[in-house]
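Working notes, beginning with the structure itself.
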Amino acid sequence: MTAGPRRSIPATGRPWEDLKAELEAAKKDDFSWREGRMALYFYYLNEEVKRVQQEAYLSYWTENAMGQRAFPSMKKLEDEVIAMGLDLLHAPPEATATFTSGGTESILLAIKTARDWARATKGITEPNMVLPRTAHPAFDRAAEYFGVRAIRVPTTRNDFRADVAAMAERIDRDTILLLGSAPNYPFGVFDPIREIAALAEERGLWMHVDACVGGFLAPFVRRLGYDIPDFDFVIPGVTSISADLHKYGYAPKGASLMLLRDRALQQHQTFTFSGWERGTYASNTVQGTRAGGAVAAAWAVMNYLGQDGYTHWARVIMDTVETLTRGINAIPGLAVLEPHELCIFVYRSTDPALDIGLVAEAMTRRDWFVGRQAEPPGIHLHLNPVHAETAELYLADLAASVAEVREAGARARAAQPAGQTY
Ligand SMILES: Cc1ncc(COP(=O)(O)O)c(C=O)c1O
C-alpha cells in the first residue's frame, strides 16, 4: 500500500459523465474477474445474478442497517437472512446470529464474545486460544485486538488437518477456545471438527468453526453426494460459526454471519454505552453504521438462487475442480496436493528441474493472476463458477508455461560453462 500522490479535494466539482469515464478507464490495467483470470478475491456467477446483486444493493444504497427503528424493513430482511443461515447450519431453536461485514468481522466478534464469556464465567484474565496453523490470519488479528494469545499448532503432515492430540497438549488453565476450519484456506481441507468439538466439550472450552469458505457451499456439495464431514451445529460441542455470505452465499461484498449456538451468549458480544448525552447506544457488531445495501443484496441473492440454484452452482464448481485437477496432474512434473475437499486446492512441482515460481511467472505473463502458496511452494486456486468457462484455457496456458520454463532451463544448462556447479 502506498500513500499515493498528495492532492486536495478539487476546488470545483466535475461532471459525473467525466468521472464515470475516468473510473472505467482507471480499471484498464486490473485483472479481469469477469473473464475468470484470477482465482481469489471475488465470486462471479453470471450477468443475471450480478443484476440482482446490484439492483437489490441500490434499492437500499443509503439505508443504515444500524437504524432498524427507522427502517423496520431492514430488520425484517436481516432477520430473514439470519434465519436462513441458522437453518442451513442446523442451529437449535435457541441459536442466534449477527449480520457482519465479512469473515474477519465475524471472527473478531466470535473471539471477543468468547473472551468476555470466559472472563465472566471463569475469571480468566490472560486468555489464550489454540488453533491449527492453517487458521486464517483473522484469528491472530483478533488475538492482537482483544488481548488473547493465539497458539498455533502444526497440522498433521500428511493431510493438512488439525492435529487434535497436539492441540490438546497445548491447552492450559487460561485456554478459552479451540478452532477448526471448514475448510481451511491454505489447503481446502476440513479439520476434524467432531474431534475438536469433543475435546472442547470435555475441557469446557468455546469451540469456533470457521466456515467462512464452506458455510454456504459445503451443505450443497454434500447434497450432490460428495463425502462432506459434519462441521456445523449438528455437532453438540460447536459454540459459534463464521459463515460468509459474500463468498459462496454469492452476496456482494460486505456480508457474513457470526452464528451463536445459544442467544444467552450474546450478552458477552453486545457493546452498550450510556455515558454521554444521547442516552444508551447498543450494538452487536464491530461496525457502527452498517450498509443497508449489503443486507438487501444478500437477502435478494438467497431468495433468487434458492436451494436449487446453490446446488446447481455447487455442481459447476465441483466439476471445474475435477477438470482442473485432472488436467494439472496430466502435465508431467506437476501434482495437485491431496486431499482437498471443496473449492480450494494447491498444486506444486514434483520435478526438481521445474521451478513452480517460474511457472507462476510464466502464467502471469499470460495474463493470469496467480495465487502463490508459500509452504510448500505451489500455486493456490480458489474456484468459483466463472472458472468453468476458463478451465480449458487455463490448462492450455499452464502446459505452455511449463514447456517454456523447461526450455529456458535446458538453454541455461547448455550455456553453463563446464565444471560450474552452482
Ligand atoms: C477460511 C477463511 N476464514 C476467514 C476469512 C476472512 O474473510 P474476509 O476476507 O471476508 O474478512 C477467509 C478469507 O478468505 C477465509 O478463507
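Summary of computed values
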{"item": "Check on GLN267, farther than 15 Å from ALA197 by Cβ and within 16 Å of the ligand (Cβ to nearest atom)", "result": "no"}
{"item": "Residue selected from region 266-287 under the condition of a type in the set (S, T, N, Q) and part of a strand (DSSP E or B), by the criterion most open to solvent (accessible area, probe 1.4 Å)", "result": "THR272"}
{"item": "Selected residue (only one of ARG372, ARG366, ARG326, ARG290 is of a type in the set (Lys, Arg), surrounded by 16 or more Cβ atoms within 10 Å (Cβ to Cβ) and not assigned by TED's automatic domain parsing to the domain that holds ALA218)", "result": "ARG366"}
{"item": "Residues being farther than 15 Å from ILE328 by Cα and open to solvent by less than 10 Å² (accessible area, probe 1.4 Å) - total across region 383-393", "result": "3"}
{"item": "HIS312, sole failed condition from (1) at pLDDT below 95; (2) closer than 23 Å to ARG34 by Cβ", "result": "(1)"}
{"item": "Among residues of region 222-233, those that are within 16 Å of the ligand (Cβ to nearest atom) and either open to solvent by less than 10 Å² (accessible area, probe 1.4 Å) or out of contact with any helix residue (DSSP H, G or I) (no Cβ under 6 Å at 6 or more places or on another chain) (or both), counted", "result": "3"}
{"item": "Residue match in region 406-415 (condition: surrounded by 14 or more Cβ atoms within 10 Å (Cβ to Cβ), of a type in the set (Gly, Ala, Ser) and modelled with pLDDT of 95 or more)", "result": "no"}
{"item": "Strands (runs of 3 or more DSSP E) wholly inside region 326-418 containing at least 1 residues that are within 16 Å of the ligand (Cβ to nearest atom)", "result": "344-349, 371-373, 378-382"}
{"item": "Leading residue by the ranking (surrounded by the fewest Cβ atoms within 10 Å (Cβ to Cβ)) among those in region 60-109 that are modelled with pLDDT of 95 or more, within 13 Å of ALA291 (Cβ to Cβ) and of a type in the set (Asp, Glu)", "result": "GLU105"}
{"item": "Candidates PRO385, PRO376, PRO332, PRO339, filtered to the one that is out of contact with any Pro (no Cβ under 7 Å at 6 or more places or on another chain) and farther than 20 Å from PRO183 by Cβ", "result": "PRO332"}
{"item": "Filtered residues of region 240-251 (kept if outside any loop (DSSP other than H, G, I, E, B) and within 11 Å of the chain's Cα centre (by Cα))", "result": "SER242, ALA243, ASP244"}
{"item": "Inter-residue pairs, beta-carbon under 8 Å, first in contact (Cβ under 8 Å) with a residue 60 or more places away in the chain and in region 40-66, second surrounded by fewer than 18 Cβ atoms within 10 Å (Cβ to Cβ) and charged (D, E, K, R), 6+ apart", "result": "TYR44/ARG34; TYR44/LYS50"}
{"item": "Any hit, region 112-126, residues being in contact (Cβ under 8 Å) with a residue 40 or more places away in the chain, open to solvent by less than 10 Å² (accessible area, probe 1.4 Å), within 12 Å of the ligand (Cβ to nearest atom) and not hydroxyl-bearing (Ser, Thr, Tyr)", "result": "no"}
{"item": "Hits in region 69-111 - residues which are more than 16 Å from the ligand (Cβ to nearest atom), farther than 22 Å from GLN307 by Cα and of a type in the set (S, T, N, Q)", "result": "SER73"}
{"item": "GLY254 being surrounded by fewer than 23 Cβ atoms within 10 Å (Cβ to Cβ), assigned to a loop (DSSP other than H, G, I, E, B) and within 16 Å of the ligand (Cβ to nearest atom)", "result": "yes"}
{"item": "Qualifying positions in region 57-69 - assigned to a loop (DSSP other than H, G, I, E, B) and either among the aromatic types (Phe, Trp, Tyr) or over 17 Å from THR285 (Cβ atoms) (or both)", "result": "TYR60, TRP61, THR62"}
{"item": "Search result, residues across region 149-176 that are closer than 25 Å to LYS247 by Cβ and more than 15 Å from the ligand (Cβ to nearest atom)", "result": "ASP159"}
{"item": "Cβ-Cβ under 9 Å pairs, at least 6 apart or on other chains, region 178-198 side more than 10 Å from the ligand (Cβ to nearest atom) and open to solvent by less than 10 Å² (accessible area, probe 1.4 Å), far side part of a helix (DSSP H, G or I) and modelled with pLDDT under 95", "result": "none"}
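The values are calculated or read from the model by the stated rules, or taken from the named source; none is laboratory data. Note that the coordinates shown come from a computational prediction; the quantities given were computed from them, not determined experimentally. Positions of Cβ are backbone-derived with ideal geometry, glycine not excepted, and every protein chain shown enters the neighbour counts. The protein model used for the area step is the full one, side chains on, heavy atoms only, and it has no ligands, DNA or RNA in it. Shrake-Rupley method; radii C 1.70, N 1.55, O 1.52, S 1.80 Å.
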